[in-house]
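**Student:** Can you keep this structure in mind? I'll have questions shortly.
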Amino acid sequence: MAQIDTIQQRMLMEVADLHEIPEGAFNIRANGVSTARRSTAHIEITSKPEGAGIDVRIAPGTKNESVHIPVVLSMSGLQETVYNDFFIGEDSDVLIVAGCGIHNSGAEDSEHDGIHRFYVGKNARVRYVEKHYGEGDGTGKRILNPGTEVYMEEGSWAEMEMVQIRGVDSTERMTKAVLAEGAHLVIKERLMTHGEQHAVSTIRAELNGKDSSADIVSRSVARDRSFQKFDACITGNAPCHGHTECDSIIMDEGRILAVPQLEANDLNAELIHEAAIGKIAGDQLIKLMTLGLTESEAEEQIISGFLK
Amino acid sequence: MLELQHVSFHVHDDAGHVEILKDVSFKVPERCFVVITGPNGGGKSTIAKIISGVQKPTDGRILFNGQDITDMSITERAKLGISYALQQPVRFKGIEVIDLLRIAAGKPLSVSASCDYLSRVGLCARDYIYREVNSSLSGGELKRIEIATVLARGSQLSVFDEPEAGIDLWSFQNLIRVFESMRESIQDSSILVISHQERILEIADEIIVVADGQISQAGPREDILPGLIGTSSALGSCDMLERN
């Protein structure tokens with residue numbers, strides 16, 4: 001097993017709250033290779049051929065177990081595309097924690113494109129947490145282009161929490177979900193961009209089954225001269241409920257483009273979209289300043305609450 | 001404790017030069033509950049903003065414990081011991097009631113200590129402590145949380161701008177009890193309330209009447225209140241029902 005250095009250790013902490021070897025199943029990928037892995041009685045992790053990713057198979061009925069699959073890149077100029085597939089057995093209830101940290105102190109761009117596909121079995125429940133983090137003072141860019149596909153069978157439930165708070169120069173995120181009868185999807189996206197960063201998040205949810213539902217909530221903050229585009233579309237092809245909400249704060253010279261879309265192809269599809277973009281309200285700052293915070297402390301409180 | 005000396009406040013808008021406050025001077029002594037009343041649009045809220053630092057006066061000085069605070073920021077005044085409950089409480093997405101109370105207290109606050117502040121304003125603490133201070137709260141709930149943050153600060157001078165605005169009659173009865181108990185437990189602090197509610201004026205030690213940007217009357221409650229009953233400066237609960 002390869003060693004993990006201190007930079008990699010710190011990034012594991014940032015993206016997966018890992019201070020030591022996690023409990024349950026895990027796979028740690030550092031600079032393009034798996035450096036540590038453990039399967040359990042109910043969760044099997046195997047490599048795809050030629051190191052192009054992993055398959056995670058969760059046995060039907062597995063309850064209250066977790067899988068950690070963090071990725072760290074600390075070598076400048078490394079570019080990789082990884083396909084990870086998750087087969088979540090019927091009636092199981094699991095937590096999957098992914099995340100990618102890039103430390104780039106060189107001149108060449110570092111890029112990790114992780115494509116995660118989830119096959120959520122009947123009545124299974126999965127909670128997925130993904131954090132992205134970048135650091136390093138090199139001129140090379142830190143690029144993350146995650147793709148997430150979720151295929152949900154009857155009565156399944158998935159909650160996807162995707163967070164990118166700092167340090168990633170460029171992100172193009174594509175999330176796609178297909179829901180069968182009675183399936184329920186929750187997506188919570190938290191994004192903060194700064195400097196000259198550029199982030200695009202595209203979400204497509206197809207509600208194909210009767211009584212399926214999706215709740216997609218994006219909260220984001222664009223600071224400095226960064227740019228964000230949020231493009232979400234819920235398609236209702238059956239009697240279903242869909243709700244999408246995009247709520248953003250702009251600061252400095254930040255720019256945000258929100259593209260809400262709803263497509264109803266069934267008379268009983270109920271779809272709602274909400275979108276709001278604005279700067280921090282002056283009365284919010286005033287209120288916190290009357291409680292003794294300085295203006296910049298008040299801003300930080302407002303943003304950290306907003307992105308919580 | 002607090003003294004306003006010849007304070008004026010002017011603005012320029014489409015109508016030209018507007019004098020909101022004209023040569024306003026008064027003192028808030030220690031251990032004193034002062035109510036500022038008067039007709040709407042008379043400049044009462046501007047006085048609260050000028051004391052808390054939200055607005056800077058065009059002329060005049062503001063002294064707090066003898067120190068000139070006219071040029072100090074909102075934050076500096078808050079740190080010196082002035083707290084301010086806004087007429088329109090602010091909503092925050094993601095910030096919970098307990099977060100706001102902790103910021104107000106300026107120190108780590110246990111859950112039970114936070115609950116005490118909420119109980120004092122008549123909120124069942126367990127139901128509220130982890131609620132977000134967002135649009136899911138009603139006007140009356142927000143107002144009570146706003147007052148709880150001022151209690152949590154434990155400031156020398158607490159300024160409340162129309163605490164009764166935007167709340168229902170039922171909440172109003174509880175609110176009166178909150179102010180009565182604040183009056184009873186006043187120690188080395190003072191309270192300044194802007195209100196035209198007769199029930200709040202009845203708690204006052206001193207009453208200041210502001211109309212058309214100037215002080216028209218000021219003095220002990222016994223002297224001032226009888227002349228105000230039945231005017232827009234001292235509304236009864238029935239008037240409040242009509243207004244709502």
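Each reported figure results from applying straightforward, stated rules to the coordinates on display, with no laboratory input. Here the structure is a predicted model, which is why all the values come from computation and not from measurement. Here the Cβ is made from the backbone with ideal geometry for all residues, glycine too, and neighbour counts use every protein chain on show.
**Student:** What number, rounded to the nearest 500 deg cm²/dmol, is the helix-based mean residue ellipticity at 222 nm of chain A, given -39500 (n - 2.57) per DSSP H run of at least four residues and division by all its residues?
**Tutor:** -3000 deg cm²/dmol
**Student:** So which chymotrypsin sites (Phe, Trp or Tyr not before Pro) in the stretch B:1-78 are both in a DSSP loop and have at most 11 other Cβ atoms within 10 Å of their Cβ? Each step should come with its number before you reach the end.
**Tutor:** Details: sites: B:9, B:26, B:33, B:64; in loops: none.
Listed in order of number, the matching sites amount to none.
**Student:** Compute the distance from the alpha-carbon center of the stretch B:137-164 to that of the stretch A:126-188, in whole Å.
**Tutor:** Between the Cα centres of the stretch B:137-164 and the stretch A:126-188 lies a distance of 41 Å.
**Student:** Moving to a separate point now. Please arrange B:130, B:84, A:119, A:83 by how many other C-beta atoms lie within 10 Å of their C-beta, fewest to most.
**Tutor:** On the way: B:130 11, B:84 29, A:119 18, A:83 15.
Ranking B:130, B:84, A:119, A:83 by Cβ neighbours within 10 Å, fewest first, gives B:130, A:83, A:119, B:84.
**Student:** Express the Stokes-Einstein translational diffusion coefficient of chain A in µm² s⁻¹, to the nearest whole number, given a Kirkwood radius over alpha-carbon pairs, 25 °C and a viscosity of 0.890 mPa s.
**Tutor:** The diffusion coefficient I find is 122 µm²/s.
**Student:** Relative contact order for chain A: what percent, with Cα pairs under 8 Å and sequence separation of 6 or more?
**Tutor:** Result for chain A is 10 percent.
**Student:** Roughly speaking, what is the centre-to-centre gap between the stretch B:1-66 and the stretch A:46-103 when only Cα atoms are used, to the nearest Å?
**Tutor:** 63 Å
**Student:** Report, as an integer, the average count of C-beta atoms from other chains found within 10 Å of each Cβ along A:279-287.
**Tutor:** Numbers: counts 0, 0, 3, 2, 6, 6, 2, 8, 15.
Per residue, the number of nearby Cβ atoms from other chains is 5 on average.
**Student:** Of B:127, B:99, B:205, which is the most mobile in a GNM of chain B whose springs link Cα atoms less than 10 angstrom apart?
**Tutor:** Sorting by GNM fluctuation, first place goes to B:127.
**Student:** Please list log₁₀ I(q)/I(0) at q = 0.11 Å⁻¹ for the stretch A:1-168, using the Debye equation with identical point scatterers on the alpha-carbon positions.
**Tutor:** Those come out to -0.42, one per q.
**Student:** Computed over the Cα atoms of the stretch A:79-216, what is the convex hull's projected area averaged over all directions, in nm²?
**Tutor:** Dividing the Cα hull surface by four gives the mean projection, 7.4 nm².
**Student:** Stokes-Einstein at 4 °C, 1.567 mPa s, Kirkwood radius from Cα pairs: D for the protein assembly as shown in µm² s⁻¹?
**Tutor:** 48 µm²/s
**Student:** Next up: Under the 0.36 nm per residue contour assumption, what length would be gained going from the current alpha-carbon distance of residue A:227 and residue A:308 to full extension?
**Tutor:** Difference between extended and current length: 27.1 nm.
**Student:** Something else now. Taking Rh as the Kirkwood radius, which is the inverse of the mean 1/r over Cα pairs, what is the Rg/Rh value for the stretch B:43-106?
**Tutor:** Here the Rg-to-Rh quotient is 1.02.
**Student:** Using all alpha carbons of the stretch A:226-308, what is the percent of pairwise distances in each 5 Å bin, ordered from the shortest bin to the longest?
**Tutor:** The calculated distribution, bin by bin, is 3, 13, 18, 15, 14, 11, 9, 8, 5, 3, 1.
**Student:** Counting only C-alpha contacts under 8 Å and six or more residues apart, can you give the relative contact order of the stretch A:1-168 as a whole percent?
**Tutor:** Relative contact order comes out at 20 percent.
**Student:** Another question, then. Determine the relative contact order of chain B: mean sequence separation of Cα pairs under 8 Å and six or more apart, normalised by residue count, in whole percent.
**Tutor:** Relative CO of chain B lands at 27 percent.
**Student:** Could you sort the peptides A:287-295, A:62-70, B:108-116 by per-residue average Cβ neighbour count (10 Å cutoff), highest mean leading?
**Tutor:** Averaged packing, sorted descending, gives the order A:287-295, A:62-70, B:108-116.
**Student:** What order, most packed first, do the peptides B:215-225, A:272-282 have when packing is the mean number of other Cβ atoms within 10 Å of each residue?
**Tutor:** Per-residue mean Cβ counts within 10 Å order the peptides as B:215-225, A:272-282.
**Student:** Continuing with the same structure: What number, rounded to the nearest 500 deg cm²/dmol, is the helix-based mean residue ellipticity at 222 nm of chain B, given -39500 (n - 2.57) per DSSP H run of at least four residues and division by all its residues?
**Tutor:** Details: 10 runs with 89 residues, N = 244.
Mean residue ellipticity at 222 nm (helix-derived): -10000 deg cm²/dmol.
**Student:** Peptide B:85-97: average number of partner chain Cβ atoms within 10 Å per residue?
**Tutor:** 5
**Student:** Okay, next question. Per-residue Cβ counts within 10 Å, from other chains only, averaged over B:98-108: what number is that? Before the final figure, lay out the partial values.
**Tutor:** Details: counts 0, 4, 5, 1, 1, 8, 6, 2, 3, 0, 0.
Neighbouring Cβ atoms belonging to other protein chains average 3 per residue here.
**Student:** Separate question: Enumerate the aspartates and glutamates that residue B:44 could reach by cross-link, defined here as Cα to Cα under 15 Å, with residues fewer than 8 away along the same chain left out.
**Tutor:** B:19, B:23, B:161, B:162, B:164, B:212
**Student:** Over the Cα atoms of the stretch B:2-243, what Rg and Dmax result, in angstrom?
**Tutor:** For the stretch B:2-243, the Cα-based Rg and Dmax read 17.6, 53 Å.
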